[in-house]
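I have placed the structure first, in the form of structure tokens, so that the comments after it can refer back to it.
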Amino acid sequence: MMNNMSTEELDDIYTFAVDLGKQAGKMLMEAAQLRISGSCPAPERDHVQKENAVDLVTETDENVEAFIRSQIANKYPSHKFVGEESYSKGSSREYLIDASPTWCVDPLDGTVSYIHLFPMFCVSIAFIHNHKPLIGIIYAPFSNHFFSSCAGRGAFFNETQRLPLVRNPIPPMPENAPSGCIFSCEWGKDRRDTPDGNLTRKIESFVNMAAEVGGRSGRGGMVHGVRSLGSATLDLAYVAMGAFDIWWEGGCWEWDVAAGIAILSEAGGLVTTANPPEDYAHAPIEDVRLGSRLYLAIRPAGTSPTETGREGQERTVREVWRRVRNLDYSRPGA
Ligand code: IPD
């Protein structure tokens with residue numbers, strides 16, 4: 001039994017979710033092919049703005065969400081559904097996920113990438129029960145990268161390779177992290193140019209993480225590299241893979257992260273809040289709240305001669321918190 005759900009029931013949902021992800025990813029790729037061949041119908045070519053000029057939706061987002069929603073409603077009529085496009089049409093910005101079995105879906109994460117045919121776009125499907133993302137499916141059809149996980153069964157890349165990819169042994173976090181780490185982050189959609197607003201604070205944090213050790217009044221992190229894929233859920237998938245060491249982001253929503261959190265947690269990663277607590281050096285490191293819109297993820301880590309994997313992850317969390325600014329993405333009910 002898993003959270004009042006039998007193993008058989010969860011297995012059945014997982015099999016269904018894997019198949020659903022494949023079908024939805026195929027729809028995304030067929031739509032991308034139409035864009036490539038130039039035979040894309042006008043309404044699909046012309047994306048529509050939501051909250052601002054970088055918050056976009058295409059007909060593909062809508063079609064794929066409608067498809068996923070109807071498949072779930074047919075198979076599991078009692079389950080709840082929270083999808084990006086249906087949610088965005090409502091006026092409330094409340095966190096709607098409760099303890100009941102719920103599907104949390106982004107039919108097309110990385111919509112801007114999709115519009116520009118940058119391959120980092122995907123479908124992201126999570127099944128959540130008792131507030132815990134138990135199943136995660138992420139399929140990026142352009143690169144044919146398929147990530148999946150089910151609580152207690154493991155996390156997988158293209159269904160056969162266990163995550164993280166390097167696992168014999170799983171490397172510990174670098175001794176002087178964030179130095180030696182790949183740092184992944186997102187510019188996001190809040191582009192308001194207000195003094196000390198989210199955009200300014202993000203950029204200051206990025207520069208701190210990148211700058212030479214000793215720079216930025218001791219905050220320089222000298223990370224190996226900074227990456228920004230334009231899809232929060234894919235960022236998390238690559239953290240689960242072990243390709244990214246750290247992901248730090250504020251502003252995205254539960255459908256942008258739920259499947260990624262499921263996969264990363266099952267692979268052995270850690271996800272907590274992006275915002276440094278006042279006593280960042282000693283504050284307890286708590287599991288992230290799914291609806292908090294503030295996320296800091298650390299890859300799965302192995303033991304070293306001096307610390308456990310978890311200790312290495314927590315040390316890295318504190319080193320990131322020391323270098324980043326608090327972000328403001330409050331919302332009702334979360
Ligand atoms: C966006 C992506 C992006 C993140 C934004 C999200 P969408 O999702 O995940 O990485 O920075 O906050 O809204 O709109 O492409 O589904």
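Quick check: is even one residue across the stretch 238-247 over 11 Å from the mean Cα position of the chain (by Cα) and assigned to a helix (DSSP H, G or I)? Among the residues of the stretch 238-247, at least one is over 11 Å from the mean Cα position of the chain (by Cα) and assigned to a helix (DSSP H, G or I), which makes the answer yes. Based on this model, can you work out whether Arg201 counts as open to solvent by 50 Å² or more (accessible area, probe 1.4 Å), within 16 Å of the ligand (Cβ to nearest atom) and more than 28 Å from Ala267 (Cα to Cα)? For Arg201, the condition - open to solvent by 50 Å² or more (accessible area, probe 1.4 Å), within 16 Å of the ligand (Cβ to nearest atom) and more than 28 Å from Ala267 (Cα to Cα) - is met. Condition (residue is charged (D, E, K, R), modelled with pLDDT of 95 or more, more than 22 Å from Gln23 (Cα to Cα) and not in a strand (DSSP E or B)) applied to the stretch 131-144: is it met by at least one residue? Scanning the stretch 131-144, I find no residue that is charged (D, E, K, R), modelled with pLDDT of 95 or more, more than 22 Å from Gln23 (Cα to Cα) and not in a strand (DSSP E or B), so the answer is no.
Exactly one residue out of Arg69, Arg93 is open to solvent by 20 Å² or more (accessible area, probe 1.4 Å), touching a residue at least 60 places away in the same chain (Cβ under 8 Å) and away from the ligand (no atom under 12 Å from the Cβ), and it is Arg93. Per the listing Gly136, Gly152, the residue uniquely under 19 Å from Ala258 (Cα atoms) and surrounded by fewer than 16 Cβ atoms within 10 Å (Cβ to Cβ) is Gly152.
Checked against (1) closer than 24 Å to Ala126 by Cβ; (2) open to solvent by 60 Å² or more (accessible area, probe 1.4 Å); (3) in the same structural domain as Ile246 (by TED's automatic domain parsing), Ser330 meets all criteria but (3).
Considering only residues that are in contact with a Leu (Cβ under 9 Å, 6 or more places away or on another chain) and closer than 14 Å to Lys80 by Cα, look in the stretch 106-131 and name the one that is farthest from the ligand (Cβ to nearest atom).
Within the stretch 106-131, the first condition is being in contact with a Leu (Cβ under 9 Å, 6 or more places away or on another chain), and the residues that meet it are 107-115, 118, 120-129, 131.
Of the ones still in play, those that are also closer than 14 Å to Lys80 by Cα are 125-129, 131.
Details: Ile125: 13, Ala126: 14, Phe127: 19, Ile128: 18, His129: 23, His131: 21 Å.
Ranking the qualifying residues of the stretch 106-131, first place goes to His129.
Any chance you could count how many residues in the stretch 248-265 are in a helix (DSSP H, G or I) and either in contact with a Phe, Trp or Tyr (Cβ under 6 Å, 6 or more places away or on another chain) or closer than 22 Å to Glu314 by Cβ (or both)?
Within the stretch 248-265, the first condition is being in a helix (DSSP H, G or I), and the residues that meet it are 254-265.
Restricting the remaining residues to those that are either in contact with a Phe, Trp or Tyr (Cβ under 6 Å, 6 or more places away or on another chain) or closer than 22 Å to Glu314 by Cβ (or both) gives 257, 260-265.
Going through the stretch 248-265 one residue at a time, the tally reaches 7.
Looking at Phe147, is it within 16 Å of the ligand (Cβ to nearest atom), under 30 Å from Ser6 (Cβ atoms) and at pLDDT 95 or above?
Numbers: within 16 Å of the ligand (Cβ to nearest atom): yes; under 30 Å from Ser6 (Cβ atoms): yes; at pLDDT 95 or above: yes.
In short, yes.
Residues checked against (1) more than 11 Å from the ligand (Cβ to nearest atom); (2) open to solvent by 10 Å² or more (accessible area, probe 1.4 Å); (3) aliphatic (A, V, I, L, M); (4) touching a residue at least 24 places away in the same chain (Cβ under 8 Å):
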{"position": "Phe157", "(1), (2), (3), (4)": "yes, yes, no, yes"}
{"position": "Pro171", "(1), (2), (3), (4)": "yes, yes, no, yes"}
{"position": "Ala211", "(1), (2), (3), (4)": "yes, yes, yes, no"}
{"position": "Met241", "(1), (2), (3), (4)": "yes, yes, yes, yes"}
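The values are calculated or read from the model by the stated rules, or taken from the named source; none is laboratory data. Given the structure is predicted, the values throughout are model-derived calculations rather than measurements. When we count neighbours, we look across all protein chains shown, and the Cβ atoms used for this are built from the backbone with ideal geometry, even at glycine. Heads up: the accessible areas ignore ligands, DNA and RNA and are worked out on the full protein's heavy atoms, side chains in. Shrake-Rupley method; radii C 1.70, N 1.55, O 1.52, S 1.80 Å.
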